[in-house]
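Colleague: The following block contains the structure, expressed as structure tokens.
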């Protein structure tokens, strides 16, 4: 993975078409390494996540183009300076909870990159959040237990609603109320370079992600409930 990391670091210092075209061979090498890693990661996650094994995504369904969409952005840098793999049942456009691997070296001009793991829902539909809230409002302890099992991961609590949503003010337990205020539901963990550059990365990443298995399963049950038209 170090060759991928080094390419992205160089791209962040030279984010222009002339440089990219002159180093297209490095990009293609990095892309191949990252796609091979993603294929292995999908296989590893499918060994223990029944949703992923039942609707196994392809590498193409789990990775992203390096070319940025500039139509509505003030930043006209043509290329992304990170690579990501989102292992989610049915592929990255599906509504389910998934497992995201993000590789991004520190940026130029003082901006900070970040290497992270993410497990959760990406921009969930309001019906799915409603399903999650319904579940937590009557049975929040299993979800809190799943968070506790995800050793080394932190529950992402930025962007909480200021108040508990209407209709949920009188839930049984006080500790469930912060969960009800969440707009996105996910866990995160940072990765350092020592972890990234050691052998057998996909297996080691999958081992960490497995700690979030129960968390993901509960969320995907909520997704199923919403998709079945129960809300």
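The values are calculated or read from the model by the stated rules, or taken from the named source; none is laboratory data. Quick caveat, the model's predicted, so the values are computed rather than measured. Here the Cβ positions follow ideal geometry from the backbone for every residue, glycine too, while neighbour counts run over all protein chains shown.
Colleague: Restricting to region 157-179, give me the number of residues that are within 25 Å of residue 190 (Cα to Cα) and crowded, with 17+ Cβ neighbours inside 10 Å.
Modeller: So the answer is 1.
Colleague: Test residue 67 against the criterion of being in contact with a strand residue (DSSP E or B) (Cβ under 9 Å, 6 or more places away or on another chain), surrounded by fewer than 17 Cβ atoms within 10 Å (Cβ to Cβ) and more than 29 Å from residue 211 (Cβ to Cβ), and give yes or no.
Modeller: Criteria met by residue 67.
Colleague: Please list, ordered by first then second residue, the pairs with beta carbon atoms under 7 Å, 6 or more apart or interchain, first in region 4-33 and outside any helix (DSSP H, G or I), second buried (at least 16 other Cβ atoms within 10 Å of the Cβ).
Modeller: Once the first residue is outside any helix (DSSP H, G or I) and sits in region 4-33, its partners that are buried (at least 16 other Cβ atoms within 10 Å of the Cβ) give 15/79; 15/81.
Colleague: Name every residue in region 116-128 that is modelled with pLDDT under 95 and either surrounded by 20 or more Cβ atoms within 10 Å (Cβ to Cβ) or within 14 Å of residue 216 (Cα to Cα) (or both), in order of residue number.
Modeller: The answer is 121, 122, 124.
Colleague: On to the next question. Which one of 138, 164 is at pLDDT below 95 and part of a helix (DSSP H, G or I)?
Modeller: Answer to the selection: 138.
Colleague: Continuing with this model, one more query. Starting from residues that are in contact (Cβ under 8 Å) with a residue 12 or more places away in the chain and over 9 Å from residue 215 (Cβ atoms), keep the ones in region 141-154 and report whichever is surrounded by the most Cβ atoms within 10 Å (Cβ to Cβ).
Modeller: So, considering only residues that are in contact (Cβ under 8 Å) with a residue 12 or more places away in the chain and over 9 Å from residue 215 (Cβ atoms), the one surrounded by the most Cβ atoms within 10 Å (Cβ to Cβ) is 144.
Colleague: Among the candidates 60, 92, which residue alone is in a helix (DSSP H, G or I) and on the phi < 0 side of the Ramachandran plot?
Modeller: Of 60, 92, the one residue that is in a helix (DSSP H, G or I) and on the phi < 0 side of the Ramachandran plot is 60.
Colleague: From the list 44, 40, 29, 35, which one is within 20 Å of residue 153 (Cβ to Cβ) and either at pLDDT 95 or above or touching a strand residue (DSSP E or B) at 6+ places or on another chain (Cβ under 7 Å) (or both)?
Modeller: It is 44.
Colleague: Are any of the residues in region 161-180 touching a residue at least 60 places away in the same chain (Cβ under 8 Å) and in contact with a helix residue (DSSP H, G or I) (Cβ under 6 Å, 6 or more places away or on another chain)?
Modeller: no
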